[in-house]
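Step one of this worksheet: look at the structure below.
The values are calculated or read from the model by the stated rules, or taken from the named source; none is laboratory data. Just so it is clear, the model here is predicted, and its values are computed rather than measured. Virtual Cβ from ideal backbone geometry, glycine too; neighbours counted across all protein chains shown. What goes into the accessible areas is simple: the full protein's heavy atoms, side chains included, and nothing from ligands, DNA or RNA. Shrake-Rupley method; radii C 1.70, N 1.55, O 1.52, S 1.80 Å.
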Amino acid sequence: MADERQAFAEAADRMKREFRRFAGSYASAVKSGAEVAGRRMLKAAEEKDLPAEKLVGKLLSAVKGGALHAGERLLSEMLDVFERKPGTKKKK
């Protein structure tokens with residue numbers, strides 16, 4: 001019975017670590033995507049005499065591009081995690 005408890009505790013600890021890792025990767029990817037979107041939005045807003053419809057289209061495109069960037073970055077980081085051998089640390 002003690003072995004089962006210990007195995008469960010170890011599994012729960014691994015799950016907590018992986019959840020924290022995912023949460024950190026998610027936060028980092030969202031921040032990066034927001035920065036990309038922000039730069040694109042500023043660039044669109046700097047254009048002079050742009051009709052409102054075109055400006056809105058460029059702003060929406062910037063948001064979509066930021067979201068795509070965040071998704072790609074998160075996917076890339078998660079693939080790195082799965083490709084690493086168990087028990088190895090991420091290289092910095």
Could you list log10 I(q)/I(0) for the stretch 1-66 at q = 0.11, 0.21 Å⁻¹, which the Debye formula gives when each Cα is one point scatterer? -0.48, -0.83
In the stretch 1-64, what percent of the accessible surface is made up of carbon and sulfur (1.4 Å probe, ligands and nucleic acids excluded)? 61 percent
If I fit a long axis through the Cα atoms of helix 2-46 and take the longest principal axis of the Cα atoms of the chain, what angle between them do I get, 0 to 90°, rounded to 10? 10 degrees
Mind checking the dipole of the chain: about its Cα centre, +1 per Lys or Arg Cβ, -1 per Asp or Glu Cβ, Debye to the nearest 20? 340 debye
Find the accessible area per residue for the chain; the probe is 1.4 Å, ligands and nucleic acids are left out, and the unit is Å². 85 Å²
What number, rounded to the nearest 500 deg cm²/dmol, is the helix-based mean residue ellipticity at 222 nm of the chain, given -39500 (n - 2.57) per DSSP H run of at least four residues and division by all its residues? -31000 deg cm²/dmol
Approximate spin-label separation Ala9-Val56, in nm, with each point projected 7 Å along Cα-to-Cβ: 6.0 nm
Quick calc, Val63 & Lys16: beta-carbon distance into FRET formula, R0 25 Å, rounding 0.05, result 0.15
In percent, how large is the relative contact order of the chain, given Cα pairs closer than 8 Å and 6 or more residues apart? 33 percent
Compute the angle between helix 52-83 and the longest alpha-carbon principal axis of the chain, please, reported from 0 to 90 degrees and rounded to the nearest 10. 20 degrees
How many lysine pairs in the chain, separated by 8 or more positions in sequence or lying on different chains, have Cα atoms less than 28 Å apart? 21
